[in-house]
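A short write-up of the structure that comes next.
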Amino acid sequence: MTDPNKPLLCPETLAASFGVAADMAYGSVAPPLYLTSTYEFAGYDQPRLYDYGRAGNPTRDLLGDALAALEGGAGCVITSSGMAALDLLVGRLGPDDLVLAPHDCYGGTMRLLKARASRGHCSVRFVDQSDDEAVSAALEEVPALFLIETPSNPLMRVVDIRGLAAKAREVGAAVVVDNTFLSPAVQRPIALGADYVVHSTTKYLNGHSDVIGGAVVAADPGNAQELRQWANIVGSAGAPFDAWLTLRGLRTLFPRMQTQQANAMAVARYLESHAAVSKVHYPGLPAHRGHAIASRQQNGFGAMLSFELAGGIEAVRRFIEHVKFITLAESLGGVESLVAHPATMTHADMGDEARAVAGISDGLLRMSVGLEAERDLIAGLDYGLAKSGN
Ligand code: PLP
């Protein structure tokens, strides 16, 4: 029987109510925002729970605890960006440590790993994680960190977290999953064997395109504590106001995800049937290579997709000039629909060669599907596609 003092709350309830009505001072329903940088000591040699804002802040910790609960982890560190979250793990490595990362990871992640490696802070190897033989060969080099991004950005390749995590653990690698594209509403990597989950909270967790932030959730309490100490050493903590906004955004994570996923499925089906579109990458489509794995390890198919225009770069330019109701911008996961051209935007820094290896063509567009009415989204796309051919 469930212990009534320790109710096992559903994740939807956790997201909506974590820290609600817990204010001891005034009974405020919304959690208070503590902006202080420092805290009064209770007396000589008597620090309180918090002493300095870089080390800890109640608002930031509330968001961290909420994310740890949602991801099923032991603790969480909130950072100033998604890149700072990843670097919290990578920056602790030594020159002999190897990071094994997906060959089609987020461009900023590739840039960070290459920058660290080029300065001798660690070494890095990029591998196609859907290729079992390539993964096994790379694991023989005994990486310290095995980074997984699924679905990948921008091609939405899906890999089997449970299978890869088991293989990586055999050689003692710590498994890190970047769960930015799905959020814990759709995928919970720790339950599948991950040691750490990384987020750009900038995306679905905040959900309103008005905060840059990140988070690292650790499955193990000792690792969580070490990360907290490291975050204090390097000073990568997120701002309290950003944490407060992100916690507010988190309240609606589940209904947002549900509606955005439904919209994405409708958009993917529409695009699939359009003559100007040569390929749609969306794990919700049965024809997608990762559909079976996604059906198994995800609770839905997410709201990110990408598609290729048959007319290449010229068609892309014309589409972008004419598409309606969808904004040309980097980033994703907000309530508004965005479209990006990876070759000239998010993945431009990768260089032509690495993009070609990763399969990112000049005709590829990535879309973050928002909360707008399905009918309007399809009408907006339809107009852009009709104009893309001439
Ligand atoms: N991870 C993924 C999958 C991303 O898409 C991004 C940003 O787009 C990041 C990490 C980096 O996050 P941030 O921009 O918050 O630093």
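Shown in residue order for the range 20-32 are the 3J(HN,Hα) couplings computed by the Karplus curve 6.51 cos²θ - 1.76 cosθ + 1.60 at θ = phi - 60°: 6, 6, 10, 6, 7, 6, 10, x, 5, 6, 6, x, x Hz (x for Gly and Pro). Look at the alpha carbon pairs under 8 Å that are at least 6 residues apart: their mean separation over the length of the range 17-162 gives a relative contact order of 16 percent.
Distance from the alpha carbon centroid of the range 9-29 to that of the range 96-117 works out to 38 angstrom. A cut-off of 5 Å between modelled amide H atoms, ignoring neighbours fewer than 5 places along the same chain, links Arg157 with Ser152.
Only aspartates and glutamates eight or more places from Lys387 in sequence, or on another chain, were considered; those with a Cα closer than 19 Å are Glu272, Glu308, Glu314, Glu321, Asp362, Asp376. For the residues Ser152, Ser273, Ser361, a 1.4 Å probe over the protein chains yields an accessible-area ranking, largest first, of Ser273, Ser361, Ser152.
Solvent exposure of Glu226, expressed as accessible area, is near 100 Å², computed with a probe of 1.4 Å over the protein chains only. Less than 5 angstrom separates the built amide H of Gly19 from none of the residues sequence-distant by 5 or more or on a different chain.
Averaged per residue, the chain has 44 square angstrom of accessible surface, using a 1.4 angstrom probe with ligands and nucleic acids left out.
How big is the Kirkwood radius of the range 46-104, worked out from every pair of different alpha carbons and given in Å to one decimal? Kirkwood radius, the range 46-104: 13.9 Å.
Dipole of the chain computed with +1 at Lys/Arg Cβ and -1 at Asp/Glu Cβ about the Cα centre; of Ala386, Ala173, Tyr106, farthest Cα towards the positive end is Ala386.
Backbone amide hydrogens, once placed in the peptide plane, bring Leu98 within less than 5 Å of Ser123, Ala144, Leu145, excluding anything fewer than 5 places away on its chain.
Taking every C-alpha pair closer than 8 Å and separated by at least 6 residues, the mean separation divided by the residue count of the chain gives a relative contact order of 17 percent. May I ask you to list the lysines whose Cα is less than 26 Å away from that of Lys167, ignoring any residue fewer than eight positions away on the same chain? Within the straight-line cut-off, Lys167 pairs with Lys114. The spread of Cα positions in the chain, taken along each principal axis and listed from longest to shortest, comes to 76, 49, 44 Å.
What do you reckon, how do Val357, Val267 stack up by accessible area (1.4 Å probe), largest on top?
Details: Val357 100, Val267 0 Å².
Of Val357, Val267, the descending order of accessible area is Val357, Val267.
Once you divide the Cα radius of gyration of the range 107-238 by 2.2 N^0.38 Å, the number left is 1.06.
About the centre of its Cα atoms, the chain shows a dipole size close to 520 debye [charges on the beta carbon of Lys, Arg (+1) and Asp, Glu (-1) only; nearest 20 debye]. Each peptide in 20-26, 332-338, 344-350 gets a packing score, the mean of other Cβ atoms within 10 Å over its residues, and the list from highest to lowest is 332-338, 344-350, 20-26.
For the chain, DSSP calls about 60 percent of its internal beta bridges antiparallel.
Over the chain, with every protein chain in place, what whole percent of the accessible area is carbon and sulfur at 1.4 Å, could you tell me?
53 percent
In a reduced charge model with +1 at each Lys and Arg Cβ and -1 at each Asp and Glu Cβ, the range 223-288 shows a dipole moment near 180 debye about its Cα centre.
Relative contact order of the range 255-359: 20 percent, from C-alpha pairs under 8 Å at least 6 residues apart in sequence. To the nearest 10, the accessible area of Lys387 is 70 Å² with a 1.4 Å probe.
Each Lys and Arg Cβ is given +1 and each Asp and Glu Cβ -1; about its Cα centre, the range 253-388 then shows a dipole of about 360 debye. Take the alpha carbon gyration tensor of the range 174-266, find the square roots of its eigenvalues, order them as a ≥ b ≥ c, and report rounded if a/c is under 1.5; if not, report prolate when a/b exceeds b/c, else oblate. Because a/c hits 1.5 or more and a/b fails to exceed b/c, the range 174-266 counts as oblate.
The values are calculated or read from the model by the stated rules, or taken from the named source; none is laboratory data. These numbers were taken from a predicted model, which means no experiment stands behind them. No Cβ is skipped: glycine too gets one built from the backbone with ideal geometry, and neighbour counts run over all protein chains shown. Note: areas computed on protein heavy atoms with side chains; ligands, DNA, RNA excluded. Shrake-Rupley method; radii C 1.70, N 1.55, O 1.52, S 1.80 Å.
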